[in-house]
Amino acid sequence: AETVGLIDVTPTICALMDIAIPQTVEGVSLVPLLKGKKLSNQNRFFYIESLIPTYLGANALLGIRTREWKYIRTTRPELYHLKNDPEEKINLVNTQPEEERIYKGVLEKILEEHLSISPGRLAVPGQARPGQDSLQSFPGTGYDAAQVTPQAFSVSPDKPDPKDLIEIHEGLQKVRQYKFEKKFSEARKILEDLERQKAHFSVYDHLGEIALEENNLALARAYYTRSLEINGNGYHANLNVGAMLTRAGKFEEAAHYFKQAV
């Protein structure tokens with residue numbers, strides 16, 4: 001019945017093993033719950049996030065969760081009263097402005113204190129970013145493609161809402177699996193269906209990758225060009241076009257795309 005968080009795991013293990021809980025740890029020991037007791041009645045605020053939408057060029061999902069409320073900051077913010085609406089079907093962001101103000105303020109304070117966000121800088125104290133090797137150990141999670149930059153933690157009104165890109169995200173999850181299995185025709189069919197729904201740059205990136213796998217460089221270049229027409233800052237499209245131009249000996253032109261990728 002209690003609301004607890006991942007930050008409580010470390011202090012709980014420390015308490016169970018009779019190890020002093022480090023002062024830097026923010027969570028609390030859950031040992032009292034294991035013994036049938038209650039935690040303090042203090043209402044706790046938990047930070048929640050998903051940066052996965054950033055790989056589609058959308059705003060991230062950042063929020064605050066309490067015993068009764070969940071606030072999600074993105075293009076179109078969401079606020080749910082979990083006690084009355086556990087399935088999160090009724091967005092109260094327009095009818096409960098004071099609650100939204102409270103949780104938005106808590107979220108901003110947490111981001112300011114813990115992510116040390118300033119222009120050109122992103123640092124989480126004591127936390128190293130996972131290397132590419134470890135990211136590749138979790139295929140399909142989306143974290144390998146998430147744009148983890150300072151900008152990912154701010155909301156831009158020009159970026160899509162993740163809710164509007166769910167079908168593309170789900171389709172690309174299947175595409176990644178088919179590509180991993182070298183089932184390119186099945187992957188291409190899903191991508192072409194997605195293209196008819198919405199001309200999204202990531203769809204053309206995947207079509208370009210498949211064309212590269214099939215050694216159709218002209219077609220790959222065409223797909224990546226279309227991707228860059230939609231999203232000129234696309235990392236994968238710029239990188240792969242640069243690689244193709246390098247293979248063709250067009251080094252000066254390739255350098256332009258590599259610089260865009262950087």
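The values are calculated or read from the model by the stated rules, or taken from the named source; none is laboratory data. Remember, predicted model here, so these are calculated numbers, not experimental data. Here the Cβ is made from the backbone with ideal geometry for all residues, glycine too, and neighbour counts use every protein chain on show. Calculation scope for accessible area: heavy atoms of the full protein, side chains included, ligands and nucleic acids excluded. Shrake-Rupley method; radii C 1.70, N 1.55, O 1.52, S 1.80 Å.
Only one of ILE52, ILE90, ILE48, ILE102 is open to solvent by 20 Å² or more (accessible area, probe 1.4 Å), closer than 30 Å to SER156 by Cα and touching a Lys or Arg at 6+ places or on another chain (Cβ under 6 Å). Can you tell me which?
Details: ILE52 fails: touching a Lys or Arg at 6+ places or on another chain (Cβ under 6 Å); ILE90 fails: touching a Lys or Arg at 6+ places or on another chain (Cβ under 6 Å); ILE102 fails: touching a Lys or Arg at 6+ places or on another chain (Cβ under 6 Å).
Matching residue, one of ILE52, ILE90, ILE48, ILE102: ILE48.
Considering only residues that are among the charged types (D, E, K, R) and assigned to a strand (DSSP E or B), which ones fall in the range 55-90?
ARG65, LYS70, ARG73, GLU78
Only one of these is buried (at least 18 other Cβ atoms within 10 Å of the Cβ) and either among the polar types (S, T, N, Q) or assigned to a helix (DSSP H, G or I) (or both): LEU194, LEU219. Name it.
Within the list LEU194, LEU219, the selection yields LEU194.
Contact list please: Cβ distance under 8 Å, first residue in the range 161-173 and at negative phi and among the small types (Gly, Ala, Ser), second residue buried (at least 17 other Cβ atoms within 10 Å of the Cβ) and part of a helix (DSSP H, G or I), pairs at least six apart or on different chains.
Note: pairs meeting the criteria are GLY171/ILE190; GLY171/LEU191; GLY171/LEU194.
Considering only the range 204-216, I want to know if a residue exists there that is in a helix (DSSP H, G or I), touching a Ser or Thr at 6+ places or on another chain (Cβ under 9 Å), of a type in the set (Ser, Thr, Tyr) and crowded, with 16+ Cβ neighbours inside 10 Å.
Yes, the range 204-216 contains at least one residue that is in a helix (DSSP H, G or I), touching a Ser or Thr at 6+ places or on another chain (Cβ under 9 Å), of a type in the set (Ser, Thr, Tyr) and crowded, with 16+ Cβ neighbours inside 10 Å.
In the list HIS256, HIS236, which residue meets the criterion of being out of contact with any Leu (no Cβ under 6 Å at 6 or more places or on another chain) and either farther than 23 Å from GLY171 by Cα or open to solvent by less than 30 Å² (accessible area, probe 1.4 Å) (or both)?
Unique residue meeting the criteria: HIS256.
Please tell me if GLU78 is surrounded by 15 or more Cβ atoms within 10 Å (Cβ to Cβ), among the acidic types (Asp, Glu), free of Cβ contacts under 8 Å to residues at least 24 places away in the same chain and farther than 23 Å from ALA1 by Cα.
Spelling it out, GLU78 is indeed surrounded by 15 or more Cβ atoms within 10 Å (Cβ to Cβ), among the acidic types (Asp, Glu), free of Cβ contacts under 8 Å to residues at least 24 places away in the same chain and farther than 23 Å from ALA1 by Cα.
It is to be established whether one or more residues within the range 144-159 are on the phi > 0 side of the Ramachandran plot, of a type in the set (Gly, Ala, Ser) and modelled with pLDDT under 65. Working first, answer last.
To start, the set of residues in the range 144-159 that are on the phi > 0 side of the Ramachandran plot comprises none.
Within the range 144-159, none of the residues are on the phi > 0 side of the Ramachandran plot, of a type in the set (Gly, Ala, Ser) and modelled with pLDDT under 65.
Looking at the range 58-67, which of the residues that are open to solvent by 30 Å² or more (accessible area, probe 1.4 Å) and more than 8 Å from the chain's Cα centre (by Cα) is nearest to LYS38 (Cα to Cα)?
ARG67
Residue-wise test of (1) at pLDDT below 90; (2) in a helix (DSSP H, G or I); (3) touching a Leu at 6+ places or on another chain (Cβ under 6 Å).
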site: LEU92; (1), (2), (3): no, no, yes
site: TYR103; (1), (2), (3): no, yes, no
site: GLN127; (1), (2), (3): yes, no, no
site: PHE138; (1), (2), (3): yes, no, no
site: HIS169; (1), (2), (3): no, yes, no
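What's the number of the only condition in (1) modelled with pLDDT of 90 or more; (2) touching a Leu at 6+ places or on another chain (Cβ under 7 Å) that LEU39 fails to meet?
(1)
Identify the residue in the range 2-45 that is in contact (Cβ under 8 Å) with a residue 24 or more places away in the chain and open to solvent by 70 Å² or more (accessible area, probe 1.4 Å) and, among all such residues, is farthest from GLN173 (Cα to Cα).
The residue in question is LYS38.
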